[in-house]
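Asker: Provided herewith is a single structure, encoded as structure tokens, for subsequent inquiry.
What follows is calculated from the coordinates using simple rules that are stated; it is not laboratory data. Quick caveat: nothing in here was measured; it's all calculated off a predicted structure. Here the Cβ positions follow ideal geometry from the backbone for every residue, glycine too, while neighbour counts run over all protein chains shown.
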Amino acid sequence: MLTEKEALNSLSGLKDSGSDRSILELGWIDQLIVRSSKVIVRLNLPSYAQAQRDRIAKEIKGILEAFEDIDSVQIELSNAPSNHGEIGHGGHGQSPPSLKAIPDVKHVIAVSSGKGGVGKSTVALNLACALSQTGYKVGLLDADIYGPNIPIMLGVSDTTPEVIGSGSDQKIIPIETCGIAMVSMGLLIDDNQPVIWRGPMLNGIIRQFLYQANWGERDFLVVDLPPGTGDAQLSLAQAVPMSGVLIVTTPQKVSLQDSRRGLAMFKQMNVPILGVIENMSVFIPHDQPNREYPLFGVGGGQTLAKENSVPLLAKLPLEIQDEKVHKEYLPIVLQYPNSTTAKVFRQLVSEVVQNI
């Protein structure tokens with residue numbers, strides 16, 4: 001399988017047409033990641049070299065796609081000048097993009113998973129609310145741009161956030177609900193409107209949500225990431241310093257395998273792994289609260305945590321609550337504070353704060 005070092009070396013012959021120097025020597029590639037049969041290259045050209053952008057991107061794709069085990073090459077383009085040093089965080093010779101903290105935000109925590117449908121957004125939302133219940137000032141950024149579900153889960157999908165200022169000084173005012181401040185793409189588009197964007201546009205909106213939202217003073221900003229190891233994860237890791245990431249999985253082998261990839265990506269990006277959360281660990285019937293049924297297997301979260309020498313922070317059960325009093329748009333920790341799930345989330349808050 002093609003390694004990152006081999007892929008990088010294959011690009012050493014590409015040159016700046018003006019100086020005839022290698023683009024590697026000039027530091028115009030600031031990240032290269034090989035993921036299975038896909039290569040992601042972040043191309044960072046100074047303003048004077050923008051005229052060569054298409055030519056260089058085309059040549060990079062041509063060289064990398066020539067390898068037999070590579071099916072696709074994704075080029076991310078940026079106008080920011082790059083410096084010499086280390087590529088990404090992997091030690092290949094060029095410096096990572098400089099990280100910029102969010103004013104008045106103390107800690108940024110990402111909630112991630114390699115697979116969809118594991119309850120990642122539910123974990124992010126209830127973690128944010130549980131942190132707020134503990135007395136912290138909390139923001140929640142829904143970075144799942146293609147599938148923004150947080151507004152629906154909070155019952156505010158019909159709410160339009162206020163935007164103040166103009167131009168580069170424009171700010172979006174987060175929606176305040178359930179004790180947290182929230183920003184999501186779901187607040188800016190119609191319910192049935194698809195987001196059909198390539199990587200650079202997604203990178204731009206995530207940075208706007210980070211730096212052009214009026215977060216105010218926040219002890220924690222919880223970021224709900226989409227499944228996988230793609231543009232959103234890279235954009236966040238390259239933009240803002242993070243206190244750590246939580247990896248959500250279920251006990252199933254498929255979920256476990258995908259979560260391994262997600263965890264490995266953040267390790268490669270030198271983002272601290274706070275720990276693993278196993279969701280849907282057991283099923284607890286409403287009429288038999290003392291019974292537990294492991295519907296999806298046993299030990300997946302513990303296996304992932306042990307493999308990577310990180311703690312298993314929580315095992316969240318699957319509970320069916322009393323439908324007579326159920327409110328669709330209220331997080332579990334607020335609606336059922338005495339449930340097993342709410343108690344686990346409160347313990348999770350304690351673990352997360354202690355680890356940070």
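Asker: To one decimal place, what orientation-averaged projected area in nm² is obtained for the convex hull of the Cα set of the range 255-301?
Answerer: Working: hull surface 16.0 nm².
Across all orientations, the range 255-301 yields a mean hull projection of 4.0 nm².
Asker: Moving on to the next point. Note down, for the range 162-299, the three equivalent ellipsoid semi-axes (square root of 5 times each alpha carbon gyration tensor eigenvalue), biggest first, whole angstrom.
Answerer: Details: eigenvalues 209, 80, 48 Å².
In descending order the semi-axes read 32, 20, 15 Å.
Asker: Where Rh is the Kirkwood radius over the Cα pairs of the range 4-78, the temperature 4 °C and the viscosity 1.567 mPa s, what D in µm²/s does Stokes-Einstein return?
Answerer: So the translational diffusion coefficient is about 105 µm²/s.
Asker: For a 25 Å ceiling on Cα separation, which of these pairs sit above it: K115/K137; K267/K315; K5/K267? Walk me through the numbers before you get to the answer.
Answerer: Numbers: K115/K137 29 Å; K267/K315 22 Å; K5/K267 18 Å.
From the list (K115/K137; K267/K315; K5/K267), the Cα-Cα distance tops 25 Å for K115/K137.
Asker: Next up: How far apart, in nm, are the 7 Å Cα→Cβ label points at F283 and T134?
Answerer: Distance between label points: 3.2 nm.
Asker: Only bridges whose two residues both fall in the chain count here: according to DSSP, what percent of them are antiparallel, nearest 5? Write down the numbers at each step before the final one.
Answerer: Details: 14 of 51 bridges.
Roughly 25 percent of the beta bridges in the chain run antiparallel, per DSSP.
Asker: Extending each Cα 7 Å along its Cβ direction at N214 and K58, get the distance between those two points in nm, one decimal.
Answerer: Here the answer is 4.7 nm between the modelled labels.
Asker: Give me P(r) over the chain, computed from all C-alpha to C-alpha distances, binned every 10 Å, as integer percentages.
Answerer: 5, 23, 31, 24, 12, 4, 1, 0
Asker: When ranked by the protection proxy of mean other Cβ atoms within 10 Å per residue, highest first, what sequence do the peptides 172-180, 219-227, 3-11 form?
Answerer: Working: 172-180: 19.0, 219-227: 24.6, 3-11: 15.6.
By packing density, highest mean first, the sequence is 219-227, 172-180, 3-11.
Asker: At 0.36 nm per residue, and after removing the present C-alpha to C-alpha distance, how many nm does the segment from R35 to Q257 gain when stretched out fully? Mind dumping the intermediate values first?
Answerer: Values: separation 222, 0.36 × 222 = 79.92 nm, distance 1.41 nm.
Result: 78.5 nm gained on full extension.
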